[in-house]
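Here's the structure, in structure tokens; my notes come after.
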Amino acid sequence: MQLRQDIRENLALALDTIRSHKLRSFLTVLGVVMGVAVLILVVGLVAGIDQAVVEEMTGFGTDTAYISRFAQGPRVGRLTREERMRKPLAPEDAEFIRSACPAVKTVATNLFVFGLHQVRYRDQTVQPVEFRGTTPEFVEVYGNATMKEGRFFTASENLHRRNVVVLGENVAQALFPAGDALGREVLVNGFGFLVIGVFQKPKGGFGESDEDRRVVIPFETLKKLYPAAEEVGFRILAYPGQLEPAVDQVREVLRRRRNVGYNDPDNFAITTAAQAIEQFRNIVGGIAITVVVLSTVGLLVGGVGVMNIMLVSVTERTREIGVRKAIGARRRDIVWQFLLEAMTLTSLGGAVGIILAAAVIGTVRAATTLAVTVPLWAVLVGLGVSASVGLIFGVWPAVKAARLDPVEALRYE
């Protein structure tokens, strides 16, 4: 009971001191404010981006994997010489995968053309867009390829190289604000195409991909228009629960077809949603750790400032300390008085940093599609870190105050 009363009294003294020196107190903890704000911002942004990436990756389907010449997803550094020397995948590989991989339900083949692509309708232009040729299995394999209106192209249209196109929802809205895209003819890179369908915009998304900017035409049509195009990729759909066996079977088939030696690494890449998410988290996690480490500089500066101002406060209040000791205050009472004052000061700085970070995160949330939030545990960690700064850097001033001789302190002017 006595301990609680002492804490309340010391806390009241600390708040009175802070109120009487508002500007000095704010400038003292400015480093703590910035350090805690950066910590909360990093946590909120990383959590929001992680959620968006997970939604986007899993939107392709949890039982799917993508096969390409190079590894998909975020990467650090340029392609290695071995990667640059790899030969492209062949469209015929899809037939071998279908016939030799019992765990694979179906395969969609994609063909890409490098460059900046655009879609035009009259005086409206959308660029850049995600342009590809694909096979009719696309809508079955890609979990986020649902139709908002119209239809996808058929095997016959692919075989006969028809100039038909399916647009992403945002592309269609930009070109046809009135919503009358079906049956219209658009120009894709200067070639005329009949719009037969519009994709439903995928839920969530990250960065530019949250806007459904897909422009999809038949695989054979793209080959007809761009004979030199050779960047082929496959997305496989495995039977439920059979993704790992399917990946192993596809790897074995492609290694045989591409004459990969027994002890040689794959000269192609197979990426699942889980692998892409892990790659992303490794990269973003490293960046987040770097930012957090840099933010500790602000906390360190704030801590040094707190120690400095507390030492000044001890000097200014030497007579007060002498009076307290003369009327019975013990050393530990003086220690706790100054420790609580330092911790209160930095905790208030931490609270201001949290409010500042929450305001920035709220602005980001309102301006983008990222579901950034301030988790409760991050708030508690921020307050704990700020209080710890006051505890650590307030020890020496508190001990110095407690060691003052009461007689000398009373004589101090």
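The values are calculated or read from the model by the stated rules, or taken from the named source; none is laboratory data. From a predicted model like this one, the values you see are computed outputs, not experimental measurements. Cβ placement follows ideal geometry from the backbone for every residue including glycine, while neighbour counts extend to all protein chains displayed.
In this structure, is Gln275 touching a helix residue (DSSP H, G or I) at 6+ places or on another chain (Cβ under 8 Å) and not assigned by TED's automatic domain parsing to the domain that holds Val399?
Against the criterion (touching a helix residue (DSSP H, G or I) at 6+ places or on another chain (Cβ under 8 Å) and not assigned by TED's automatic domain parsing to the domain that holds Val399), Gln275 does not qualify.
Looking at the stretch 93-111, which of the residues that are within 32 Å of the chain's Cα centre (by Cα) and of a type in the set (Val, Ile, Thr) is surrounded by the fewest Cβ atoms within 10 Å (Cβ to Cβ)?
Within the stretch 93-111, the match that is surrounded by the fewest Cβ atoms within 10 Å (Cβ to Cβ) is Thr106.
Where residues in the stretch 225-241 are surrounded by 15 or more Cβ atoms within 10 Å (Cβ to Cβ) and over 29 Å from the mean Cα position of the chain (by Cα), which of them is nearest to Thr154 (Cα to Cα)?
Leu225
Right, Phe131: in the same structural domain as Arg184 (by TED's automatic domain parsing) and either in a loop (DSSP other than H, G, I, E, B) or in contact with a Pro (Cβ under 8 Å, 6 or more places away or on another chain) (or both) or not?
Criteria not met by Phe131.
Residues to consider are Val129, Val119; find the one that is of a type in the set (Val, Ile, Thr) and either loosely packed, with under 15 Cβ neighbours inside 10 Å or touching a Phe, Trp or Tyr at 6+ places or on another chain (Cβ under 9 Å) (or both).
Among Val129, Val119, only Val119 is of a type in the set (Val, Ile, Thr) and either loosely packed, with under 15 Cβ neighbours inside 10 Å or touching a Phe, Trp or Tyr at 6+ places or on another chain (Cβ under 9 Å) (or both).
Please identify the pairs in which a residue from the stretch 29-44 that is farther than 14 Å from Val372 by Cα and assigned by TED's automatic domain parsing to the domain that holds Ser386 has its Cβ atom under 7 Å from the Cβ atom of a residue that is hydroxyl-bearing (Ser, Thr, Tyr) and crowded, with 23+ Cβ neighbours inside 10 Å, counting only partners at least 6 apart or on another chain.
Filtered contacts from the stretch 29-44: Val29/Thr346; Val32/Thr346; Val32/Ser386; Val36/Ser386.
Tell me, which residue of the stretch 351-410 that is assigned to a helix (DSSP H, G or I) and of a type in the set (S, T, N, Q) is farthest from Glu316 (Cα to Cα)?
Looking at the filtered set, the residue picked out is Thr363.
Conditions (1) within 11 Å of Val399 (Cα to Cα); (2) of a type outside the set (Asp, Glu); (3) not assigned by TED's automatic domain parsing to the domain that holds Val29, marked per residue:
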site: Asn308; (1), (2), (3): no, yes, no
site: Leu311; (1), (2), (3): yes, yes, no
site: Glu316; (1), (2), (3): no, no, no
site: Arg319; (1), (2), (3): no, yes, no
site: Gly328; (1), (2), (3): no, yes, no
site: Ile334; (1), (2), (3): yes, yes, no
site: Leu339; (1), (2), (3): yes, yes, no
site: Met343; (1), (2), (3): no, yes, no
site: Gly349; (1), (2), (3): no, yes, no
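Taking the stretch 112-149 on its own, how many of its residues are of a type outside the set (Ser, Thr, Tyr) and over 29 Å from the mean Cα position of the chain (by Cα)?
Qualifying residue count, the stretch 112-149: 9.
If you check Ala90 against the conditions, is it closer than 22 Å to Arg132 by Cα, assigned to a strand (DSSP E or B) and modelled with pLDDT of 80 or more?
no
Given the structure, is Gly362 within 17 Å of Val389 (Cβ to Cβ) and modelled with pLDDT of 75 or more?
When the stated conditions are applied, Gly362 does not pass them.
Inside the stretch 223-255, can you point out the residues that are of a type in the set (D, E, K, R) and in a loop (DSSP other than H, G, I, E, B)?
Answer for the stretch 223-255, where residues must be of a type in the set (D, E, K, R) and in a loop (DSSP other than H, G, I, E, B): just Glu230.
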